[in-house]
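Everything below concerns the one structure shown next.
The values are calculated or read from the model by the stated rules, or taken from the named source; none is laboratory data. Because the structure is predicted, anything quoted here is derived from the model rather than measured. Glycine gets a Cβ as well: all are built from the backbone with ideal geometry, and neighbour counts include every protein chain shown. Remember, those area values only see protein heavy atoms, side chains included, never the ligands or the DNA or RNA. Shrake-Rupley method; radii C 1.70, N 1.55, O 1.52, S 1.80 Å.
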Amino acid sequence: MNIEMTVNGKKVKADTSPSLLLSDFLRENLNLTGTHVGCDTSQCGACVVHIDGLSMKSCTLLALSVDGKSVTTIEGLAKTANADLHPMQLAFHHNHGLQCGFCTPGMIMTAVDIVHRKGHDLSEHTIREELEGNLCRCTGYQNIVQSIAAGAKAMANSDLA
């Protein structure tokens with residue numbers, strides 16, 4: 001089946017199987033390996049991408065379901081800020097919001113979505129509640145929460161929402 005979508009600002013056309021998952025399409029067909037697959041059941045959040053601006057878990061979405069839509073992966077996030085790194089990525093770096101890094105792309109993509117929906121002044125409670133669908137096995141979350149709070153504030157001073 002033929003699909004067309006915009007991925008990280010570029011038009012993409014492909015012939016794909018009707019059963020191919022979006023996460024596999026991104027990783028295998030487009031070589032965008034920043035989208036990680038941890039569980040294949042939408043439990044861990046490592047595969048979060050933005051589809052038409054909303055965060056979604058790509059490991060249980062068919063690639064065909066995003067035909068005609070816009071997809072942003074972790075690789076395309078900085079491009080929206082016209083910088084080397086997006087303010088949220090910088091906040092994770094400066095606040096040590098990662099350890100092994102496996103969950104980090106999904107955490108960052110979710111964090112940007114939280115800011116777009118909830119604003120730039122996020123309480124610890126709000127951040128923890130909103131991260132319910134993202135699992136980290138290394139950090140204990142404290143630095144992730146601090147990173148998201150700092151990233152939210154930094155986004156207010158950028159060209160992003």
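Taking all protein chains as present, what is the carbon and sulfur share of the accessible area of the chain, in % to the nearest whole number, probe 1.4 Å? Write out the running numbers ahead of the final one.
Numbers: 3980 of 8000 Å².
Reported share for carbon and sulfur atoms: 50 percent.
Could you report region 13-161's accessible area per residue, 1.4 Å probe, as an integer in Å²? Please report the intermediate quantities before stating the final value.
On the way: 7190 Å² over 149 residues.
Accessible area per residue: 48 Å².
Given R₀ = 30 Å, what would the calculated FRET efficiency be for ASP159 paired with CYS100, taking r from the Cβ atoms and rounding to 0.05? The partial results should precede the final answer.
Numbers: r = 31 Å, r/R0 = 1.04.
After rounding, the FRET efficiency stands at 0.45.
Be a star and scan region 79-113 for residues whose amide nitrogen sits under 11 Å from the point 7 Å along the Cα-to-Cβ vector of GLU124. No residue qualifies, since no backbone N sits under 11 Å from the label point.
For SER123, neighbours were defined as the other residues whose beta-carbon sits under 11 Å from its Cβ, and their charges (Lys and Arg +1, Asp and Glu -1) total -2. Spacing of the modelled spin labels on SER17 and LYS69, each 7 Å from Cα toward Cβ, amounts to 2.1 nm.
Just to confirm my numbers, what's the Cα centroid distance between region 67-117 and region 5-39 in Å? Here the answer is 17 Å between Cα centres.
Sorting ILE74, ILE114 by accessible area puts them as ILE74, ILE114; the probe is 1.4 Å, largest comes first, and only protein heavy atoms count.
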